[in-house]
Each structure stands twice: as C-alpha cells, then as structure tokens.
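Heads up: the structure comes next, in structure tokens.
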Amino acid sequence: MEINQSNRENIKVFHCNDVQRCEKFLKEDDYLIRSEENGIWLGSGMYFWDNLSNAKYWKREKKRKTHNRKSFSIVSAKIYIDDLLDLTDEETCRTIEMLWENYCRKMKRKYDVYKNVDLGEKLNTLFSSEMVKEHLSTYSVVKIIGKYPRVPPTSLYSYDVHSNKIEPTLSAKCIYTVKNANYIFDKKLVEE
C-alpha cells in the first residue's frame, strides 16, 4: 500500500554548514550532510534545528571557530516525522536502553562497563546491528533535547538554568538527526 505523501506528518527544520555542502544538499535529492558523530548526541545522520534562531546561533559558532575564514549557509527543509525515534519520551529511552542492554548481553559484553557508552555510539551500534535492526528499522529520524546553559534569558520570561524548579526556558533546544534522505523534502536556501 502506497502512503499518500501529502498526509504524512512533517515539520520545518534548519541546518547550517559550509556553502559548498549546502549547495550540494539543495541540488541532490539523496545527499545528506552527514555527521559521523559517535559522542553524546544522536549518532550518524544529518542534524537539524527546529527553528531559524538556533541555526543562526550555530552559524555564529562556526564562524567564530573558523575565525571568519569560511563561508556558511543556512538551509531549511521539511522532514517527515511519522517514523520518529523520540528520545524526549521517557518510555522510548527505556526501550532503547533495554535494547542496548540486550545487545551487550548477546555480544557477551559486560553491561556495567558498556552502559556508560555515549548515546551516539549506542545508537550507531544499534542501528547497524543485525541483532536489533528489526526494532529500529522503522526509524529514520531521531529527536532529542539539548541543554545550552549559556543562552541568555529573554525579557519575555525569566528562568534559572541552574535551578531545579519546573519553568519555561530558552536553554533547551530541540535537535533532529535524519538518517535517510528520503525523509527530507522542500529544501530551500534561507535568505538572511
């Protein structure tokens, strides 16, 4: 049964990278500006922010880190999120941790040693493992919230990133990684 693409759930997202990669991303349907991240984030895939301000922040950071010697662009796109691995959901996180524990057990690895492996390495391993691939094969987009404690409060509302109270904050940023280029459409260069 073919899925009607116009009815698929999707959101608009933003990505910042060097001009050449962004141009290639816009021209080629199957090209992802892939990060091979294996650390604390979401593993390999193309990373996106959920709003333009975050992409502009990332552009400023990239310019700062390259001492303004490189040119960067921001692109927007829409991504299908009907096959979303939502790591902002506690139950989903428990399921992934259970898959990791089972993987370690089957591979005869000591879970106590491997439970502290960074999330990116866990996800890369699980997504490529034949043992658990069937549980993850339906997911092509992964979502997480990142904490950015240096984001200054807005005059609209105040917050304290160091407090334990529940409150609105700008220091939490929604990040997506896309693992399959077929989940990306409506690509555009963002005019700044």
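The values are calculated or read from the model by the stated rules, or taken from the named source; none is laboratory data. What you see is a predicted model; the values in this text were computed from it and never measured. Positions of Cβ are generated from backbone atoms using ideal geometry, with glycine treated the same way; all protein chains shown enter the neighbour counts.
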Selection from region 117-150 of residues without any contact (Cβ under 8 Å) to a residue 24 or more places away in the chain and either in contact with a Pro (Cβ under 6 Å, 6 or more places away or on another chain) or assigned to a loop (DSSP other than H, G, I, E, B) (or both) yields Val117, Glu130, Ser137, Pro149, Arg150
For region 136-158, enumerate the residues that are over 16 Å from the mean Cα position of the chain (by Cα) and surrounded by fewer than 16 Cβ atoms within 10 Å (Cβ to Cβ). Ser137, Thr138, Pro149, Arg150, Pro152, Pro153, Thr154, Ser155, Leu156, Tyr157, Ser158
Odd one out for His67, checked against (1) without any contact (Cβ under 8 Å) to a residue 24 or more places away in the chain; (2) part of a helix (DSSP H, G or I): (2)
Checking the structure you have, find out if any residue of region 20-40 is modelled with pLDDT under 95 and assigned to a helix (DSSP H, G or I). no
Filter region 54-94 for residues that are among the polar types (S, T, N, Q), modelled with pLDDT under 95 and under 16 Å from the mean Cα position of the chain (by Cα) and give the result. Asn54
Would you be able to say whether some residue in region 120-130 is more than 19 Å from the chain's Cα centre (by Cα) and either aromatic (Phe, Trp, Tyr) or modelled with pLDDT under 95 (or both)? yes
So, in region 77-87, exactly how many residues are of a type outside the set (Phe, Trp, Tyr), buried (at least 17 other Cβ atoms within 10 Å of the Cβ) and assigned to a strand (DSSP E or B)? 4
Scanning region 151-177 for residues that are part of a loop (DSSP other than H, G, I, E, B) and of a type in the set (Lys, Arg) gives Lys165
Checked region 10-31 for anything within 18 Å of Trp58 (Cα to Cα), surrounded by 15 or more Cβ atoms within 10 Å (Cβ to Cβ) and of a type in the set (A, V, I, L, M); matches are Val13
Being under 13 Å from the mean Cα position of the chain (by Cα) and among the basic types (Lys, Arg) is true for just one of Arg8, Arg34. Which residue is that? Arg34
Within region 44-58, track down each residue that is surrounded by 20 or more Cβ atoms within 10 Å (Cβ to Cβ) and under 24 Å from Val151 (Cα atoms). Met46, Tyr47, Phe48, Trp49, Asn54, Ala55
What residue, among those in region 99-119 that are closer than 18 Å to Leu85 by Cβ, of a type in the set (A, V, I, L, M, F, W, C) and over 17 Å from the mean Cα position of the chain (by Cα), is surrounded by the most Cβ atoms within 10 Å (Cβ to Cβ)? Trp100
Residues (more than 18 Å from Ser140 (Cβ to Cβ), modelled with pLDDT of 90 or more and among the aliphatic types (A, V, I, L, M)) located in region 95-116: Met98
